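Read through the structure below, which is laid out as structure tokens, and then see the notes.
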Amino acid sequence: MDFVIAGGNVLMPGGAVERVDLTISAGNIVAVGESGSATSRRWRADGLMVLPGMIDLHGDAFERQLMPRPGVRFADDMALFDTDRQLVANGITTAYHGLTYSWEPGLRDADSARRFVNGLRQLRPRLSCDTRLHLRFETFNLDAVDEVIAWIDDGLVDLLAFNDHTDDIAAKLTDRHKLATYAARTGLTGDDFAEMLRQTKARSPEVPAAMQRLSDAARAASLPMASHDDISPEMRAEYLALGCRICEFPLDRRTARAALDHGGITILGAPNVVRGGSHAARLGGREAVAEDLCSVLTSDYYYPALMSAAFTLVNLGLADLGIAWNLVSANAADAVGLADRGRLAVGQRADLLLVSWQEGSLPRLIATFVNGEAVFTADNPMRMIA
């Protein structure tokens, strides 16, 4: 059914804010400007910002729904449905779930990955958010290469990222408390986990060929690729040679600049921006935006941070609303080739938000629309006119 979002302050693709109507039909924006239709349903948006829905390219907070405590596991469908409600209630209309497929047993092992991939495939039509798979492949997970290539060939993967956390984990194993934390996640004793890590690292000569096979399959499928936690311009160059244009969470300014100078895309975490710095002592999100070193913000491990980060940047004077919002919408869409969303323009999907906001304050989400359907409302009776 056609409807109109009337009288809102609409963020236009060029960054200007204009008080215009949006007419929606069959899930798409079909007109921008004053609506002449008196018969269509109307959503009163007076006094509200009307913004493109947010596109989250990297979010793994769903793991807390799967395993809220070490060793306490819940069903994947329950976790996915609950995560879906969190996503739309935080203004995220397209989400790439960052599923880590690792050599580690436990939450990120083969059985867990298979259940999640199959569960997401089955549940996608029932989810309110347009939910996709960002497969974070641990590069030492060598026995899973053929399986992941089959997933790519079957169209089950929407974004492929290469991770290598082996050195990071090894560095932390000298701390007995951190070793216990990792071991609890896997269900192993500390000594058994340390031995597994040693055996895994011993296979390092096999890793380059496996990564090449995976990247070849991804390119054949026109699949966007990312590298994770690049620590130097040299590492960034190696991943770019594989076809990874997206650089997630670069360590420092030099690495981020190297990515951008070679046509890459940099991703930083919204929690970094909201908190005022990286929890891992890496490149600060606020500084990166101010210095044009950040292309896209993602929720990372906390969904509410994505919207708050954009408005934090505006409140601090580090970016105007158009630039800040592009970090969570248009830029993200462009990074993964989603040409049908991220902007409020004729022909685009009607993925959009109604937001109450005054400069200097935190935003309050009033409504979320996905493909023209209101999937979250905070004060529906006050806003919708039949």
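The values are calculated or read from the model by the stated rules, or taken from the named source; none is laboratory data. Worth saying up front: this structure is predicted, and the values here are computed from it rather than measured. Using ideal geometry, Cβ is built from the backbone for each residue, glycine included, and neighbour counts are taken over all protein chains shown. Accessible surface is based on the protein model in full, side chains and every heavy atom, while ligands, DNA and RNA are left aside. Shrake-Rupley method; radii C 1.70, N 1.55, O 1.52, S 1.80 Å.
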- Task: Output the residues belonging to region 194-221 that are open to solvent by less than 50 Å² (accessible area, probe 1.4 Å) and in contact with a Pro (Cβ under 9 Å, 6 or more places away or on another chain).
- Result: 218
- Item | Unique residue being more than 18 Å from residue 363 (Cβ to Cβ), crowded, with 20+ Cβ neighbours inside 10 Å and at pLDDT 95 or above when the list is 8, 53, 59 | 59
- Message: Only one of 144, 61 is outside any strand (DSSP E or B), over 24 Å from residue 304 (Cβ atoms) and either polar (S, T, N, Q) or in contact with a Phe, Trp or Tyr (Cβ under 7 Å, 6 or more places away or on another chain) (or both). Can you tell me which?
- Response: 144
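Could you list, in sequence order, all residues of region 249-262 that are open to solvent by less than 40 Å² (accessible area, probe 1.4 Å) and either among the small types (Gly, Ala, Ser) or assigned to a loop (DSSP other than H, G, I, E, B) (or both)?
Across region 249-262, the qualifying residues are 249, 250, 256, 258, 259.
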- Task: Test residue 235 against the criterion of being more than 27 Å from the chain's Cα centre (by Cα) and either basic (Lys, Arg) or in a helix (DSSP H, G or I) (or both), and give yes or no.
- Result: no
- Task: Working only within region 274-301, note down all residues that are crowded, with 19+ Cβ neighbours inside 10 Å and either closer than 20 Å to residue 335 by Cα or in contact (Cβ under 8 Å) with a residue 60 or more places away in the chain (or both).
- Result: 285, 288, 289, 293, 294, 295, 296, 297, 298, 299, 300
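Need a quick list: strands (runs of 3 or more DSSP E) entirely within region 328-385 having at least 2 residues that are open to solvent by less than 10 Å² (accessible area, probe 1.4 Å) and either at pLDDT 95 or above or over 27 Å from residue 292 (Cβ atoms) (or both).
The qualifying strands (runs of 3 or more DSSP E) are 352-356, 364-370.
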- Message: Test of understanding: among 144, 161, which residue is of a type in the set (Gly, Ala, Ser), open to solvent by less than 60 Å² (accessible area, probe 1.4 Å) and in contact with a His (Cβ under 8 Å, 6 or more places away or on another chain)?
- Response: 161
